[in-house]
Amino acid sequence: MPPLAAVRVFEAAARHGNFTRAAAELGMTQAAVSYQVRLLEERLGAPLFHRDKGRVVLTEAGHRAAPLVTASFDALADAFAVVRIETAAVLTISAAVTVAANWLAPRLGSFQLRHPDLAVRLDASDTIVDFARDKADIAIRSARSISPGLHSDSLFPSHFTVMASPEFLARYRLSAPADILAVPRLSPDDSWWPLWLAAAGVTEGSAPHVGLRLDSQVIEGAAALAGQGAALLNARMWQREIAQGRLIAPFDITATSGAWFWLVCAEGRRNIPKISHFREWLLAEIAGEARLANDPALLPNDNKPATL
């Protein structure tokens, strides 16, 4: 294949029948156009234009090639137009599994109603997104800080507290925080437990941790709902179950790992319409919840970190 840049110059020159007008279209000088055409002719081993006193006329070889080249560029333009349309019409959101299943999915209908022209794809995954490689447009993640090159909006802090089902609490009386050490705990070796116990002023012994080990808060919450044990859960992710009385926090004690939930996207794409629409909607949703919330556990000192 000859150099694409030279082919593009030939196509414009053949279409205009003039090097100067081709140069104006391509943002080049007339001399640069002439140079690119000559490179192409040398590569092909045949002249594409007759040059006569400042005029250029296609040769027979040029006449044969020009319509085929123009059609090829038209096909390329159509192909990328389709990609642009499809990309603009689909918003792909990556969110951690618990956030996607318990918090975002029940709210996405509101965004879809506001923007019916957008198709929304929700990818529930705890894998860190690489915006340069992955298909996600925007992501919701829990982290202490955000990597350079990303635009971020802070959403809410990652707080957690002990929760259990009414049946579990009827079976195991928890009158003081220290009682939690004597009952079945879900994922007892999770790094959150020492943080909560410290916040509650409870010292844990060195005995081996016994209990179900589960790998996501969604599964831990499901097990807690089934009465399998006490779990450490983020109250914001389980608002419906708390409101229905299916999950109960026996102690008014919350803890945090210092992480926040963030809405992140590539720095250079934050103002793309579909991304900016979602950012505006999500931040408005969170602000609305903050105004309406009556449960202090849902808004425990929502202070944005001073630095990232």
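Looking at ARG236, ARG240, which is the one that is in a helix (DSSP H, G or I), within 31 Å of the chain's Cα centre (by Cα) and closer than 26 Å to VAL129 by Cα? Matching residue, one of ARG236, ARG240: ARG236. Residue pairs, Cβ under 7 Å, 6 or more apart or interchain, first in region 109-127 and within 19 Å of VAL264 (Cβ to Cβ), second in a loop (DSSP other than H, G, I, E, B) and among the hydrophobic types (A, V, I, L, M, F, W, C). List them. Hits for this filter: ASP123/ALA136; ASP126/ALA96. In this structure, SER165 qualifies as of a type in the set (S, T, N, Q), open to solvent by less than 70 Å² (accessible area, probe 1.4 Å) and at pLDDT 95 or above.
Taking the numbered list (1) at pLDDT 85 or above; (2) surrounded by fewer than 17 Cβ atoms within 10 Å (Cβ to Cβ); (3) touching a strand residue (DSSP E or B) at 6+ places or on another chain (Cβ under 6 Å) in turn, ASP252 passes all entries but (3).
Residues that are open to solvent by 70 Å² or more (accessible area, probe 1.4 Å) and assigned to a loop (DSSP other than H, G, I, E, B) were ranked within region 46-61; the one that is modelled with the highest pLDDT is PRO47.
Number of residues in region 30-45 that are without any contact (Cβ under 8 Å) to a residue 40 or more places away in the chain and either open to solvent by 90 Å² or more (accessible area, probe 1.4 Å) or more than 14 Å from ALA5 (Cα to Cα) (or both): the value is 6.
The values are calculated or read from the model by the stated rules, or taken from the named source; none is laboratory data. Remember, predicted model here, so these are calculated numbers, not experimental data. Please note: Cβ atoms are built from the backbone with ideal geometry, for glycine as well, and neighbour counts cover all protein chains shown. Each accessible area value is taken on the protein alone, full model and side chains, heavy atoms only, with ligands, DNA and RNA left out. Shrake-Rupley method; radii C 1.70, N 1.55, O 1.52, S 1.80 Å.
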